[in-house]
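Beneath this line is the structure, given in structure tokens, with notes to follow.
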Amino acid sequence: MQIPKFFSLKEMTATSQKLPNSPETWEEFSNLRDTAVFLDRLRERFGQGIRINSGYRSAAVNAAVGGSKTSAHRKGMAADIQPWKNTKANMLALAKLCREWATTLSSPVDQVIIYTPDGKDNENIKWIHIGFSDKPRHQLFFKKG
């Protein structure tokens, strides 16, 4: 079992909602650990810190933030991320890496969703959702956020 180097359970479960937000099953905990290990690899390749805006979400937290009932966050298999030093250049560099991994058939990346003010492919990225799966679809798309 690999232990995350850069991301803690506290980071992966942090929420601004005043609701309980801890993995409820061993499977969720294990998925969350695997997600953190993958994010370690992304951070090492990126070469600088990455901030987790949202990792695991309990049912209550997911409902409070308007998340999909089938969200990978619920299973501990997704994170919304930004560069720690959130400049336009850093965000574009991180998005480029995520886009590459979304289309790499050997990667476990299921979805990369890049959030922009207008939901279109442009340089005004607000945050990036990266989700994982045992059967990844390698999807890349843009959403208004």
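Derivation of every value follows stated rules applied to the coordinates shown; laboratory data play no part. None of these values were measured; they are calculated from a predicted model. Every residue, glycine as well, gets a Cβ built from its backbone with ideal geometry; the counts of neighbours run over all protein chains shown.
The table below gives the values:
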quantity: Loop trypsin sites (Lys or Arg not before Pro), region 1-95, which have at most 14 other Cβ atoms in a 10 Å radius of their Cβ (DSSP); calculated: Lys5, Lys18, Lys69, Lys85
quantity: Reach of Lys144 by Cα under 25 Å, taken over lysines that are not fewer than 8 positions away in the same chain; calculated: Lys69, Lys75, Lys85, Lys88, Lys96, Lys120, Lys126
quantity: Contact order relative to length of the chain, as percent, for alpha carbon pairs under 8 angstrom and 6 or more apart; calculated: 20 percent
quantity: Stretch gain in nm, segment Asp121-Leu105, where the contour uses 0.36 nm per residue and the Cα spacing is subtracted; calculated: 3.6 nm
quantity: Pairwise label distance in nanometres, Ala59 with Thr25, each label 7 Å out on the Cα-Cβ vector; calculated: 1.2 nm
quantity: Calculated SAXS-style log₁₀ I(q)/I(0) at q = 0.15, 0.20, 0.21, 0.22 Å⁻¹ - the chain, Debye, Cα scatterers; calculated: -0.71, -1.31, -1.44, -1.57
quantity: Sites His138 and Leu92, calculated FRET efficiency, Cβ-Cβ separation with R0 22 Å, nearest 0.05; calculated: 0.60
quantity: Normalised contact order of region 1-70, rounded percent, pairs of Cα under 8 Å and 6 or more residues apart; calculated: 45 percent
quantity: Segment Ser8-Ser68, extension gain: residue separation times 0.36 nm, minus the distance between their alpha carbons; calculated: 19.1 nm
quantity: Exposed GluC sites (Glu not before Pro) absent - longest run of the chain, DSSP non-H/G/I/E/B, at most 14 other C-beta within 10 Å; calculated: 25-122
quantity: Cβ-defined net charge surrounding Lys120, 11 Å radius [Lys, Arg +1; Asp, Glu -1]; calculated: -1
